[in-house]
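Comments concern the structure below.
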Amino acid sequence: MRGVTAMLEREVPATIIPSGDKVMLPEGAELRVMQTLGGNITVQDPYGQLFRIDEKDGAALGEEYAPKEKAAGDPSEFHEEQVWEQLRTVYDPEIPVNIVELGLVYACKAEPLPEGGHKVEIQMTLTAPGCGMGPVLVEDVKTKVGSVPGVKEAQVELVWEPAWDQSRMTDVARLQLGWM
């Protein structure tokens, strides 16, 4: 998928990487698709600027980028591993590795709610404290965890202690990045 050129079939909202600023990309813009991991799409314009297009707007790049239908699950069959599976579908838009393998998720706790369902609390960090994509990643985590059957509430807290460094990455992440 990396490096495929596509032309926008309609105007779409996008997020500038790494600032996190919101822009509208015009219909007809020619973009290079850099990654489609986790459903969202990282594209690059002819000047080298990276943008993130949300999964819901992927069809503007062509049918092959349209959102895929997700199967609904049984909320009574909640398992915390389902939350971790969803966390593994959240990718840093600049680094083709998910946030779990990058070591950005510090804690994940699920508690049953008295009225049924579960509340999931997540503590995570970013690779750099000033990263403008932080709010975007937090929203991704809330959305993906909130889609797990049986999750009624998803809370995400950005934490800065302990500071993230490359030692928190898994061997899988190191292999994916060619650092092993």
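When +1 charges are put on Lys and Arg Cβ atoms and -1 charges on Asp and Glu Cβ atoms, the dipole computed for the stretch 1-63 relative to its Cα centre reaches about 220 debye.
To test your reading of the geometry: what angle, between 0 and 90 degrees and rounded to tens, separates the Cα axis of helix 134-146 from the longest principal axis of the chain? Orientation of helix 134-146: about 60 degrees from the principal axis.
Could you tally the net charge around K109, taking each other residue with its Cβ under 13 Å from the Cβ of K109, Lys/Arg +1 and Asp/Glu -1?
Details: positive: K119; negative: E80, E111, E121, E153, E157.
Around K109, the surrounding residues sum to -4.
Treating each Cα of the stretch 89-180 as an identical point scatterer and summing with the Debye formula, the log10 of I(q)/I(0) at q = 0.15, 0.24 Å⁻¹ comes to -0.59, -1.22. Sorting the segments 5-15, 135-145, 160-170, 91-101 by their mean number of nearby beta carbons within 10 angstrom, highest to lowest, gives 91-101, 135-145, 5-15, 160-170. Here the dipole of the stretch 9-130 is about 280 debye; that uses its Cα centre as origin and unit charges on the Cβ of Lys and Arg (positive) and Asp and Glu (negative). Taking each of K22/K144; K68/K119; K109/K152; K22/K152 in turn, the alpha-carbon distance tops 18 angstrom for K22/K144; K68/K119; K22/K152. For the chain, the share of alpha carbon pairs falling in successive 10 Å distance bins from zero is 9, 34, 34, 19, 3, 0 percent.
Since every read-out is calculated from the coordinates, none of them should be taken as a lab result. All values reported here derive from a predicted model rather than from experimental measurement. Glycine gets a Cβ as well: all are built from the backbone with ideal geometry, and neighbour counts include every protein chain shown.
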